[in-house]
Amino acid sequence: MNAGTPTLLGIGFDSCSSYLRGAGAAPPMIREALGCSASNHWTETGVDLGGDGAYEDAGELAFDDQDAFSGIQAGVAKILEPGARPVVLGGDHSITYPVIKAFAQKYEDLTIFHFDAHPDLYDEFEGNRLSHACPFARIMEARLVKRLVQVGIRTMNRHQREQAHRFGVEVVEMRALPAYDRLKAAGPVYISFDMDVLDPAFAPGVSHRESGGMSVREVIAHLHAIRGEIVGADIVEYNPVQDLAGMTATVTTKILKEILGKMIVG
Ligand code: MN
Ligand code: MN
């Protein structure tokens, strides 16, 4: 791995999903859609992802179910160590907590731009503090990052609003979009992208379909508006079991391509 090279890492973990399993099967389907000859390898920002060394692929992470989170943290740390930039393919959103634990060892002033229908700020959900409804509560209470900016939120409730206030989370609700100028960071940036930020009309293949979400075009416009050095990303919660004719795999891949393009072109 060369320094700075975006490096894919599949993490097929969905044991902390509260409602439906299935996201664990996503990484190979995303890779298959990425290699599909229905589309070329260029991003809209003019980057040829088919060019030699544009990005690398570290394959699927093997982890022990009993100790999955420490395995995930170690797997991401291994990519960060030589200076590469991990791009994690989930899996449910619970994986972002161990992923960010690894990033926090290297970066003390990280900003997360978090795209999601849900704030994922529950202190615990159905008795599970590691649920995919909780990762950003764990990240913020451990002070692993400097800033958390959430975009596309449309399921805020009293408890999570209190949590957002307690942790100083910058919440940009769906009804406030567009919000291009909120996506600027002085230090290193991590993108955490939950596929359910999209309207289910564009991305039905998710566990929690929440209407009134972003279009693919709105997502791309917001990704392109990011200002800051992107040092890593995840794309989570694509659930192939819920998909229709693979259309959400195609959308996931489109977003992955534009994130990789932004990482390369800046
Ligand atoms: Mn989420
Ligand atoms: Mn979500």
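The values are calculated or read from the model by the stated rules, or taken from the named source; none is laboratory data. Computed from a predicted model, the values in this text were never measured in an experiment. Here the Cβ is made from the backbone with ideal geometry for all residues, glycine too, and neighbour counts use every protein chain on show. Only protein heavy atoms, including side chains, enter the accessible area calculation; ligands, DNA and RNA are left aside. Shrake-Rupley method; radii C 1.70, N 1.55, O 1.52, S 1.80 Å.
The distance between label points at E162 and D123 comes to 0.7 nm (points 7 Å beyond Cα on the Cα→Cβ vector). Surface analysis of the chain yields an accessible area of 41 Å² per residue, using protein heavy atoms and a 1.4 Å probe.
Per atom type, the chain shows carbon and sulfur on 49% of its accessible surface, probed at 1.4 Å.
With the simple model of a label 7 Å out from the Cα in the direction of the Cβ, E170 to D67 spans 3.8 nm.
DSSP finds beta bridges in the range 6-265, and of those with both partners inside it, around 10 percent are antiparallel.
The longest part of the chain holding none of the exposed loop GluC sites (Glu not before Pro), meaning those outside H, G, I, E and B in DSSP with at most 15 other Cβ atoms within 10 Å, is 127-266. Per-residue SASA remark: H114, around 0 Å² accessible (1.4 Å probe; ligands, DNA and RNA not included).
With contacts taken as Cα pairs under 8 Å and at least 6 residues apart, the chain reaches a relative contact order of 24 percent. If the segment from A74 to L177 were pulled out straight at 0.36 nm per residue, it would be longer than the present Cα-Cα gap by 33.4 nm. The charge dipole of the range 120-266, taken about its Cα centre with unit charges on the Cβ of Lys, Arg, Asp and Glu (plus for the first two, minus for the last two), comes to roughly 480 debye. Using only Cα atoms, locate the centre of the range 30-79 and the centre of the range 230-266, then give the distance between them in Å, rounded to an integer. The distance from the Cα centre of the range 30-79 to that of the range 230-266 comes to 10 Å. Once Rg and the Kirkwood radius are both taken over the C-alpha atoms of the chain, their ratio Rg/Rh works out to 0.92. Hydrophobic, long helices, defined as DSSP H runs whose alpha-carbon span along the helix axis is 24 Å or greater and whose mean Kyte-Doolittle value is at least -0.5, occur in the chain at 247-265. Rounded to the nearest angstrom and listed largest first, the equivalent-ellipsoid semi-axes of the range 47-123 from its Cα gyration tensor are 22, 17, 14. Just flag the chymotrypsin sites (Phe, Trp or Tyr not before Pro) in the range 72-174 sitting in loop per DSSP whose Cβ has no more than 10 other Cβ atoms within 10 Å. Listed in order of number, the matching sites amount to none. Assuming charge only on the beta carbon of Lys and Arg (+1) and of Asp and Glu (-1), the dipole of the range 6-265 about its Cα centre is about 680 debye to the nearest 20. Label-to-label distance for A201 and K184 is 3.2 nm, based on points extended 7 Å past Cα in the beta-carbon direction. Starting from the Cα gyration tensor of the range 41-83, take the square roots of the eigenvalues, sort them a ≥ b ≥ c, and report rounded, prolate or oblate (rounded when a/c is under 1.5, otherwise prolate if a/b is larger than b/c, else oblate). Cα axes put the range 41-83 in the prolate bin.
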